[in-house]
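None of the figures in this text is laboratory data; all of them are computed from the coordinates on show. Owing to the predicted nature of the structure, the values given are computational and were not obtained by experimental measurement. Here Cβ is always computed from backbone atoms with ideal geometry, including for glycine, and neighbour counts include all displayed protein chains.
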Amino acid sequence: MQLDLTRVDLVNLVTRQIENLFCLRDEMEREILKAGIDAALVRSEFCFSQSKNKYYAKNGETYFNPFHSGQYSIFLYYLSNSIFLRYPRASTLADRVYYLNKALNGLDLFYEVKMPRVFFLDHPVGSVLGRATYGEYFSFAQNCVVGNNKGVYPVLGQNVRMMASSMILGDCKIGDNVIISAHSYVKDVEIPSCSIVFGTHPNLVIKTREESYFLEA
């Protein structure tokens, strides 16, 4: 993967951001952060390589620019999650990386949420993703919410796309290849595969399309 910064500069950037906003307590935390960055780069490379967005490739190679807010949001999620998974006793370092993502990019994506290997976002500001089940190629835009209703979280299939300011709450089963249109509110409902969803619960409008429509879009 082609980096806009060298790995050393990237480590220095993340380290300074954590130190300036929060703290790094000792040398062990610095080493855990470095190891987490290496793991996050591997995961980011695979994720970015699947994107059709022109900003995720350069000169025929997968490209990571930490000054691209969307790319950096994904990277910081992978960083916080990698630290959480590999170093569960690493104090609150994963919390600080999660908080950094929230402070810089306006994205509330907790490190315990299990995101798929490939997910996309566009303008993540104001989005909150809870502990749902997310299928591969999930994507979302600004001001999207995925959350619980009475403690039950949604289950999303593959290639589910949330347009700006859409919401999925509660006991929802969302099929594969589904588009939740802008400002739609979906709660406690099953949505069949290959559908476009409009409107607000309980008066949703669901239109079906051929699978090819979603794969080509």
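Across 5 Å bins from the origin, how do the percents of Cα pairs in the range 1-40 run, short distances first?
Calculated over all Cα pairs of the range 1-40, the distribution is 6, 23, 32, 24, 10, 4, 1 percent.
To make sure I understand the rule: partners must be aspartates and glutamates, Cα under 18 Å from the Cα of residue 187, and not fewer than 8 residues away in the same chain. Which ones qualify?
Reachable aspartates and glutamates: 171, 176.
How would the range 19-139 be classified by its alpha-carbon gyration tensor: rounded, prolate or oblate, with rounded meaning a/c under 1.5 and the a/b versus b/c comparison settling the rest?
prolate
Which angle between 0 and 90 degrees, to the nearest 10, do you get for helix 27-49 versus the longest principal axis of the chain when only C-alpha atoms count?
Once rounded, one gets 40 degrees.
Between residue 3 and residue 103, how many nm apart are label points set 7 Å from Cα along the C-beta direction?
2.2
Using the alpha-carbon centroid of each, what span in Å lies between the range 102-124 and the range 22-91?
11
Quickly rank 60-73, 21-34, 156-169 as a protection proxy: mean count of other C-beta atoms within 10 Å, highest first.
156-169, 60-73, 21-34
Taking only DSSP H segments of four or more residues, each worth -39500 (n - 2.57), what value at 222 nm results for the chain once the sum is divided by all its residues, to the nearest 500 deg cm²/dmol?
-11500 deg cm²/dmol
Taking the 0 to 90 degree range and rounding to the nearest ten, how far is the long axis of helix 69-86 tilted relative to the main principal axis of the chain, both from C-alpha atoms?
Value to nearest ten degrees: 70.
In units of 2.2 N^0.38 Å, what is the alpha-carbon radius of gyration of the chain?
Expressed relative to 2.2 N^0.38 Å, the Cα Rg reads 1.05.
Assuming 0.36 nm per residue, please report the length gained on full extension of the stretch residue 136 to residue 15 beyond their Cα-Cα distance.
Working: separation 121, 0.36 × 121 = 43.56 nm, distance 3.04 nm.
Answer, rounded to one decimal: 40.5 nm.
Only Cα pairs under 8 Å and at least 6 apart count here; give the relative contact order of the chain as a rounded whole percent.
Once divided by the residue count of the chain, the mean separation gives 11 percent.
Taking Cα atoms, how many degrees apart are the long axis of helix 7-21 and the longest axis of the chain, rounded to 10 and kept between 0 and 90?
The angle comes out near 80 degrees.
Taking residue 58 as the anchor, which aspartates and glutamates have their alpha carbon closer than 14 Å to its alpha carbon, excluding any fewer than eight residues away along the same chain?
Qualifying aspartates and glutamates at Cα under 14 Å: 4, 45.
Taking only the C-alpha atoms, wrap a convex hull around the range 119-216 and report its volume per residue in Å³ as a whole number. If you can, show how the numbers build up before the last one.
Working: hull volume 7.5 nm³, N = 98.
Hull volume normalised by residue count: 77 Å³.
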